[in-house]
Amino acid sequence: MTSDVAPRPAAVLADGAKPERVRAADAVLRSLSLPPGTDRFDVLNPADDRVIATLPETGPTAALEAVALADEAGRDWAATTPRVRADILRRWYDLLVENAEDIALLITREMGKPLAEARAEVGYGSDFVRWYAEEAVRPGGNVRDVPAGGGTLFTRRAPVGLSVLITPWNFPLAMATRKIAPALAAGCPVLIKPASLTPLTTYHCVALAHQAGLPENLIQVISTTDASTFSETVLRDPRVRKVSFTGSTGVGKVLLRLAADNVLRSSMELGGNAPLIVFDDADLERAVDGAFTAKMRNGGQSCIAANRIYVQDGIADAFVEGLTERMSAVIAGDGLADNVTVGPLIDRRAVAHMQRLVDDAVSRGTTVRAGGRMLEGPGNFFAPTVIDHVPTGADIATTEIFGPIAAIQRFSTEADVLRRANATEFGLAGYVFTENLDRALNVADTLETGLVGINQGVPSNAAAPFGGVKHSGLGREGSAEGLEEYQEVRMYNLARR
Ligand code: NAD
């Protein structure tokens, strides 16, 4: 067992610009206009567990008042022209870009990721706003004749109505904009409940949307730690017509049951267990680089993170050596420090989850090539870890890791690895590394996932339809498909002589 605590490398103590950034982050926090209220909860910095803000608990009565306000504002919004909506979204995008550094500081402060990654999230997250500013004016619908004659069918697209958006903590900006922007573009009012661990970025970005000219009350932000009372209250309200959720599969199933009672349009972006497959004929450097990125982006706390890394026998030793070298060079620490390349995990529970998974794998004969232990405090740190020869039955092979552990299994044939890769109830992302195009496409076609990265570790993009199959979810976000999630199709049948 490997449950003792490892020292944090001395390098993290070299702060560089950190004190200056702490002051800047505090200034952003002070500038936020957070709602008043007496019953409050704390938001912590996961790098040191210090309180950075307190927010009011929005109870059921206030949540229903928010439903009423958004519903009222939504009537006018649905009647605006696509051009008006597009122009406001574009101004919002410009403000997000102008305020990128402040938003990045806030993300790092409440979620922990290194500032460079937080800046990248601002780029990725604001791209959804720009994309839907452009998409808002693309005409939906079409015209076709009744096949037997006698009529012409018109389809038009109408806003689905008041949309409840529930987001996770791992990408506090991008998960919000990926939902808010298409909802607004389609003409829907919004009630958004960010994760109570990371609500501040949502408040900031919604304030910028209002500064961009968004009508008052159209977006309501709900802060609460009592998520189940919130969903049981608002999802039963007849004014609500849509729920869009990103989070764990367990909670997604609870929300789908609630949605059924009110027959709500539902989009579910749920958990993953992504296979990443490296064939003997892969470009080694590209495969190591892609696997490292697919594993370590966001410290491994991403739904599309490489969860099961399958490496073919002929390339396995070289690949493991390369990945171990990359993972060993990662520096864990407070994301505001200059040289830090991975931040903390979100909380203590996540650190304990990592330790349990490693200990279970080790007890089944896995080799630890790097890390394997939590790092000494303060904050919630686990050493970047590589474990090799993970047996199929280990918990880590069937559970979403959501942390900095690269778990490697080996394989000999394509048929064998595809059978193992698909032997999971999840189906969000998959990755394949090979220089053989035919094999790449065959593997991509055979993987039971919503998206596949071919020779690359970051397949997501505002222009790409993102979403899972099986227990990883329903519906797509981003791209034109993401807009349709907030639209109803209306049909008119015009009789013709
Ligand atoms: P979570 O399911 O615990 O929480 C997600 C959100 O749901 C939070 O806002 C939380 O407060 C809220 N929530 C929890 N219980 C609720 C309830 N009963 N009713 C209403 N809301 C409720 O997930 P998490 O720990 O915040 O995020 C990690 C999970 O999210 C992972 O499984 C990850 O794979 C998944 N995720 C998926 C995607 C995707 O696009 N598929 C993206 C990011 C994260």
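What follows is calculated from the coordinates using simple rules that are stated; it is not laboratory data. Everything quoted here is computed from the prediction, not taken from an experiment. Every residue, glycine as well, gets a Cβ built from its backbone with ideal geometry; the counts of neighbours run over all protein chains shown.
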Projecting the Cα atoms of Leu276, Thr434, Pro35 onto the charge dipole of the chain, where Lys and Arg contribute +1 and Asp and Glu -1 at Cβ, the residue farthest towards the positive end is Pro35
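Pop the C-beta distance of Glu232 and Asn461 into the FRET formula with R0 = 35 Å and round what comes out to the nearest 0.05.
0.50
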Here, Glu98 and Ile52, labelled 7 Å along Cα→Cβ, have an inter-label distance in nm of 2.4
For the chain, find the longest principal axis of its Cα atoms and tell me its angle to the long axis of helix 284-296, 0 to 90°, nearest 10.
60
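Note down the magnitude of the dipole of the chain about its Cα centre, charges +1 on Lys and Arg C-beta and -1 on Asp and Glu C-beta and zero elsewhere, to the nearest 20 debye.
Using Cβ point charges on Lys, Arg, Asp and Glu, the chain gives about 1480 debye.
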Tell me what the chain gives for mean residue ellipticity at 222 nm when only DSSP H runs of n ≥ 4 count, each as -39,500 (n - 2.57), the sum divided by the residue total, rounded to 500 deg cm²/dmol.
-13000 deg cm²/dmol
Between the range 16-81 and the range 362-407, how far is it from one alpha carbon centroid to the other, in angstrom?
34
For the chain, longest principal axis from Cα atoms; helix 82-98 axis from its Cα atoms; angle between them, nearest 10 degrees, is 30
Might you report the magnitude of the Cβ-based charge dipole of the range 275-454 about its Cα centre, with Lys and Arg at +1 and Asp and Glu at -1, to the nearest 20 debye?
560
Compare the Cα positions of Ile192, Leu69, Gly473 along the charge dipole of the chain (+1 at Cβ of Lys, Arg; -1 at Cβ of Asp, Glu; about the Cα centre) and return the one farthest towards the positive end.
Leu69
Helix 100-111 sits off the longest principal axis of the Cα atoms of the chain, rounded to the nearest 10 on a 0 to 90 degree scale, by 60
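Between Met491 and Glu72, what FRET efficiency follows from the Cβ-Cβ distance if R0 is 22 Å, with the result rounded to 0.05? Working shown, then result.
Values: r = 28 Å, r/R0 = 1.30.
Approximately 0.15, to the nearest 0.05.
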State whether the chain is rounded, prolate or oblate according to the following rule on the C-alpha gyration tensor (a ≥ b ≥ c being the square roots of its eigenvalues): a/c under 1.5 gives rounded; otherwise a/b larger than b/c gives prolate, and the remaining case gives oblate.
oblate
What nm value, rounded to one decimal, do you get for the distance between Ala148 and Leu64 when each label is placed 7 Å out toward the C-beta?
5.0
Spin-label model distance (nm) - Ala423 vs Asn262, 7 Å beyond Cα toward Cβ:
4.2
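Computed FRET efficiency, Cβ-Cβ of Glu20 and Ser248, R0 22 Å: what is it to the nearest 0.05? Could you put the intermediate results ahead of the total?
Numbers: r = 37 Å, r/R0 = 1.68.
Between Glu20 and Ser248 the formula returns 0.05.
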Rounded to the nearest Å, what's the spacing between the alpha carbon centres of the range 409-430 and the range 242-258? Just the number, please.
26
Separation of alpha-carbon centers, the range 465-497 and the range 274-303, rounded to whole Å:
31
By its C-alpha gyration tensor, with a ≥ b ≥ c as the square roots of the eigenvalues, how is the range 275-454 shaped: rounded for a/c under 1.5, else prolate for a/b larger than b/c, else oblate?
prolate
